[in-house]
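What follows is a single structure, written as structure tokens, with notes after it.
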Amino acid sequence: MRTAAAWFICLAWALVVSTRIFAAIDLDVPKSMPAAYTEVAPKLDGLLDDWAWMTATIVEDLHVVSPDEGAVPTEFSRFYITYDKDAIYLAAEFVDSEPDLITARTLRQGDYSEGDDGVMLILDPFNQGRSGYAFFLTVNAVRFQALYKNVTEENWNWDGIWHGATRRTENGWTAEIAVPLQTLSFDPENDTWGINFSRYIGRRTEEIGWVSHNRKLNPASSGKIIGLQGLEQGLGLDFVPALVVSDIKDHATGATSNDVEPSLDVSYKPTPALTTTLTLNTDFTGTGADLRQVNLTRFDLFFPERRNFFLQDMDIFEFGRIGAEDGSAGDVASSESGRPFFSRRIGLSDAGETIDIQGGLKLTGRAGRFDYGFLGIRQDGFDAVDAQDLYAARVSANVLEESAIGMIATYGDPTSNADNSLIGADFRYLNTRFASDRTLEGSAWYQQTKTPGLEDDNEAFGFSLSAPNSAGWNGELAYREIQSNFRPALGFVNQTGVRSLFFEGAYTWWLESTAIRSIEAGVGGKRIETVEGKLVNQEIVAELLEIENHAGDKLESRIHEVRENLADAFEISEGVTIPAGDYQW
């Protein structure tokens, strides 16, 4: 083992010495474009012969985002951007010297296959570099979209209405995208939006973009489109009625039953920056299934929200960058533990059974430097639990250049008849221009719950500091403590009475080489112990070497050491019990 590790390290250093990190374009120059208005909306058919594209703003000053940020792209690309009072339009013309090798494998809408050629449009309607939308279109016209949270993270579960079309050509392919303004929250008085776009070449894992920083595309690393005028959102009113009819027969007893359940969702925007949503007798039958997870621990797993009613403007309710940790040295649930508000607690029992929602009201918006959100739900009774009124409120203010400070409060317990409330405050720091070309993120947060009979040890707090840089040094340090009586009934906690430490540090070399794209080495881990100092879980990951080629294939050499301390015997299935003890592997 040691001989193999030494060989890999020597190979890495030999490659580093014989190559150099590559950059050819100054990425710090701000970019902007004039907005071009069209009287006639383009027809989305993949043919760029509409008059709208003849008068659109054309962008060709593109560069490689990854792997060699700032380098000249291997293929020619051209983007066209225009708008009218109803939508933002983007067209793209992509030349490919090997059109037969264009990667296009996925055919099902909403599906995602890493490696397919595609085009992405990023919009930041408030031009604050703190929130936005991403729309991705593959060669096969497969669409998927995301809502940004914590500025740099995408939530691909969000679903918005937009349109796209593509067409293969003799020397490449073309694409057209239309994003209706009804899909977006924006300030009609603001004539400048953040905007960015990129092309992905699957077989080379090469991303080409307009503006990037640290090999990343997000609202904090975007250009500007200036001069938007006359944007309208119509009435801003959407009705979504539904009717569920069921007919059930029990073949064992012969009993039959039938039922008719109507439901209604109404969304209204009094202003384009304010969204109100009303739901009555809510129906979630159209929600997609969760990705399958296998629980090999004695703690709850974390399943992200997938219901559209709750996903609308969900980024406003993000708190303390909880869940933003890499989690590579542990499970996702550990990094998500401590969330003050987790909407999946509503309408679902602890056993995962659906609980009817009689009605609800949601209000979210942005005004100046303030973001605000309010949610009120009337949940039906089930088993021995009475019908409950559940509330969550969030407000935050933008401070410094890219940071925010805020408060959150919740009230109600969806799984019991006991009262429960929470209040918390957080500070989220972001600097995407730290030390010229570095990124620095951080957070500090505090929460306290109030539950009858649980008066003391009802607090949770934490901090994090992260340098998520794609080249050179990168790392993260995060600490949190969740006391034994901290009980956020509308939040997510999978362990209480514990404190955890997460750390990670690595160095990445990007190389100008025909064979090797990047080399990385580092170490990371986590330690979870009780507040009394007794070990619960510990993991250490030593990444001796990771080599990646230009096709995205990786060769890794790593050591992963795990230590698990079971204070009590743990039954993993009926009749199978792991005795208490200290386990290492």
Residues of segment 105-119 satisfying the condition of being aliphatic (A, V, I, L, M) and at pLDDT 90 or above: 119
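For segment 499-585, list the strands (runs of 3 or more DSSP E) that sit wholly inside it and hold at least 2 residues that are surrounded by 15 or more Cβ atoms within 10 Å (Cβ to Cβ); which are they?
Numbers: elements: 516-530, 535-549, 554-566, 570-573, 576-578, 581-584.
Strands (runs of 3 or more DSSP E) meeting the threshold: 516-530, 535-549, 554-566.
On the given criteria, is residue 446 outside any loop (DSSP other than H, G, I, E, B) and surrounded by fewer than 16 Cβ atoms within 10 Å (Cβ to Cβ)? Before the answer, list the steps.
Details: outside any loop (DSSP other than H, G, I, E, B): yes; surrounded by fewer than 16 Cβ atoms within 10 Å (Cβ to Cβ): yes.
It is true that residue 446 is outside any loop (DSSP other than H, G, I, E, B) and surrounded by fewer than 16 Cβ atoms within 10 Å (Cβ to Cβ).
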Residue that is polar (S, T, N, Q), touching a Ser or Thr at 6+ places or on another chain (Cβ under 8 Å) and either modelled with pLDDT of 95 or more or part of a strand (DSSP E or B) (or both), where the choices are 494, 474: 474
Filter pass, residue 130 being outside any strand (DSSP E or B) and more than 19 Å from the chain's Cα centre (by Cα): no
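Let's see how each residue does on (1) farther than 21 Å from residue 497 by Cα; (2) open to solvent by less than 10 Å² (accessible area, probe 1.4 Å); (3) touching a residue at least 40 places away in the same chain (Cβ under 8 Å); (4) of a type in the set (Asp, Glu):
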| site | (1), (2), (3), (4) |
| --- | --- |
| 354 | yes, no, yes, no |
| 365 | yes, yes, yes, no |
| 386 | yes, no, no, yes |
| 423 | no, no, no, no |
| 454 | no, no, no, no |
Residue match in segment 224-237 (condition: surrounded by 15 or more Cβ atoms within 10 Å (Cβ to Cβ) and either hydroxyl-bearing (Ser, Thr, Tyr) or under 27 Å from residue 324 (Cβ atoms) (or both)): yes
Among (1) open to solvent by 50 Å² or more (accessible area, probe 1.4 Å); (2) touching a Pro at 6+ places or on another chain (Cβ under 9 Å), the one test that residue 435 misses: (2)
Residue that is least open to solvent (accessible area, probe 1.4 Å) [pool: residues in segment 168-207 that are assigned to a helix (DSSP H, G or I) and more than 24 Å from residue 237 (Cβ to Cβ)]: 202
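Residues to consider are 265, 300; find the one that is in a loop (DSSP other than H, G, I, E, B) and either over 30 Å from residue 233 (Cα atoms) or in contact with a helix residue (DSSP H, G or I) (Cβ under 7 Å, 6 or more places away or on another chain) (or both).
300
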Members of segment 208-222 that are part of a strand (DSSP E or B) and modelled with pLDDT under 95: 213, 216, 218, 221
The lone exception for residue 212 - which of (1) on the phi > 0 side of the Ramachandran plot; (2) of a type in the set (Gly, Ala, Ser); (3) open to solvent by less than 40 Å² (accessible area, probe 1.4 Å) it fails: (1)
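The values are calculated or read from the model by the stated rules, or taken from the named source; none is laboratory data. Keep in mind that this is a model prediction, so the values were computed, not measured. We place every Cβ from the backbone using ideal geometry, glycine too, and count neighbours over all the protein chains shown. Please note that ligands, DNA and RNA were not included when accessible areas were found on the heavy atoms of the full protein model with its side chains. Shrake-Rupley method; radii C 1.70, N 1.55, O 1.52, S 1.80 Å.
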